[in-house]
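The values are calculated or read from the model by the stated rules, or taken from the named source; none is laboratory data. Only a predicted model underlies this, so the values are computations on that prediction, with no experimental measurement involved. Neighbour counts run over all protein chains shown; Cβ positions are idealised from the backbone, glycine included. All accessible areas refer to the heavy atoms of the entire protein, side chains included, with ligands and DNA or RNA removed. Shrake-Rupley method; radii C 1.70, N 1.55, O 1.52, S 1.80 Å.
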Amino acid sequence: MSYSAADLLAIAIVTVGIMLQAWGGLGFGLLAAPLLYLIDPAYVPGPILILGFSLSVLLVIRERSQLRWLGILPAALARIPGSWFGALLLVSIPAYSLSLLFGVTLLLAVLLSWRTYRVSKTPLSLMIGGFFSGLIGTATSVGGPPIALVYQEQNRIVARNELAAFFLIGTPASILMLALEGQVDWLSLELSLKVFPGVLLGFWLANRLDGRVQANSAKPLILAVCSASALMVLYKGVQGWLGA
């Protein structure tokens, strides 16, 4: 398999995004989706979801003895109908409308979480986070923030591992719904395979970072990534609205 300069740049982007998510629990979709889209729009959403799923496999294998599967079950089950709605929205309404709605809602949730409101991890909050993660993740490939907000008060290791388990169970639903709508094809698989070395390299770098950078809480990273995600999606929505 030959690699062009664009392919090597894509691998570098995947490496950094995977390293961020493997260390803190999220960030791959936020970083990789807009940058890979500029290289080739076919990277979004299918290959982004496939690569994120492959990272979840690696994390779950590594941390399998520490995972509590029943803890993430409400979120995983709720992601299935969310993914279905996300696929329908992707093909039925203007993308900018979804971006505006998601961006405003997420930014409001971040502001409330940062200043006044602490989100507790309960079966209900897991279901709500899982549903909207499926909806937004299927439609935009950036589905981490809704469920990550539920984990903002959790220990970083717990948040990272349980989010990985959630994506391991929930992401195939998004991929399946997109495939049924014709949004995942052989090109998606080819692009995913081409940049897969970035997943392995990013995972290895995250393991090295884990031993050097000690941090118990994932809240600062989660809220920072969610804020950036909200602003990025809002910007895309405004661009689409002005161009409509």
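Worth pointing out:
- Of the criteria (1) polar (S, T, N, Q); (2) surrounded by 23 or more Cβ atoms within 10 Å (Cβ to Cβ); (3) at pLDDT 80 or above, which one Thr140 fails: (3)
- Qualifying residue in region 201-210 (condition: in contact with a strand residue (DSSP E or B) (Cβ under 9 Å, 6 or more places away or on another chain) and either closer than 25 Å to Gly82 by Cβ or assigned to a helix (DSSP H, G or I) (or both)): no
- Residue check for Val150: within 11 Å of Gly24 (Cα to Cα), over 11 Å from the mean Cα position of the chain (by Cα) and part of a helix (DSSP H, G or I): no
- Within region 27-59, considering residues that are assigned to a loop (DSSP other than H, G, I, E, B) and under 20 Å from Leu180 (Cβ atoms), the one most open to solvent (accessible area, probe 1.4 Å): Val44
- Filtered residues of region 217-234 (kept if β-branched (Val, Ile, Thr), at pLDDT 70 or above and within 13 Å of Gln152 (Cβ to Cβ)): Val225
- Leading residue by the ranking (nearest to Ile169 (Cα to Cα)) among those in region 30-65 that are touching a residue at least 12 places away in the same chain (Cβ under 8 Å) and of a type in the set (D, E, K, R): Glu63
Here's the yes/no breakdown for (1) touching a Phe, Trp or Tyr at 6+ places or on another chain (Cβ under 9 Å); (2) under 16 Å from Ile80 (Cα atoms):
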| residue | (1), (2) |
| --- | --- |
| Asn155 | no, no |
| Leu168 | yes, yes |
| Pro172 | yes, yes |
| Leu178 | no, yes |
| Glu181 | no, yes |
| Leu187 | no, no |
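- Selection from region 192-216 of residues that are over 18 Å from Gly137 (Cα atoms), open to solvent by less than 50 Å² (accessible area, probe 1.4 Å) and modelled with pLDDT of 90 or more: Lys194, Val195, Gly198, Val199, Gly202, Phe203, Ala206
- Among residues of region 157-172 being open to solvent by 20 Å² or more (accessible area, probe 1.4 Å) and at pLDDT below 90, the one that is farthest from Trp69 (Cα to Cα) is Ile157.
- Only a single criterion out of (1) open to solvent by 40 Å² or more (accessible area, probe 1.4 Å); (2) more than 21 Å from Trp69 (Cα to Cα) is not satisfied by Gln154, namely (2).
- Checking Leu178, Leu189 one by one, the residue that is more than 26 Å from Leu209 (Cα to Cα), part of a helix (DSSP H, G or I), of a type in the set (A, V, I, L, M, F, W, C) and open to solvent by less than 10 Å² (accessible area, probe 1.4 Å) is Leu178 and no other.
- Tallying residues that are out of contact with any Gly (no Cβ under 6 Å at 6 or more places or on another chain) and either open to solvent by less than 20 Å² (accessible area, probe 1.4 Å) or acidic (Asp, Glu) (or both) within region 60-75 yields 3.
- Cβ-Cβ distances below 6 Å connect the following pairs, each with a first residue in region 156-167 that is small (Gly, Ala, Ser), a second residue that is surrounded by 24 or more Cβ atoms within 10 Å (Cβ to Cβ) and modelled with pLDDT under 90, and a separation of six or more residues or different chains: Ala159/Gly25; Ala159/Tyr151; Ala159/Ala218.
- Selection within region 1-26: residues that are of a type in the set (A, V, I, L, M) and under 30 Å from Asn155 (Cβ atoms). The member of this set that is surrounded by the fewest Cβ atoms within 10 Å (Cβ to Cβ) is Val16.
- Checking Ser97 against (1) open to solvent by less than 60 Å² (accessible area, probe 1.4 Å); (2) touching a residue at least 40 places away in the same chain (Cβ under 8 Å); (3) assigned to a helix (DSSP H, G or I); (4) touching a helix residue (DSSP H, G or I) at 6+ places or on another chain (Cβ under 7 Å), the condition it does not meet: (4)
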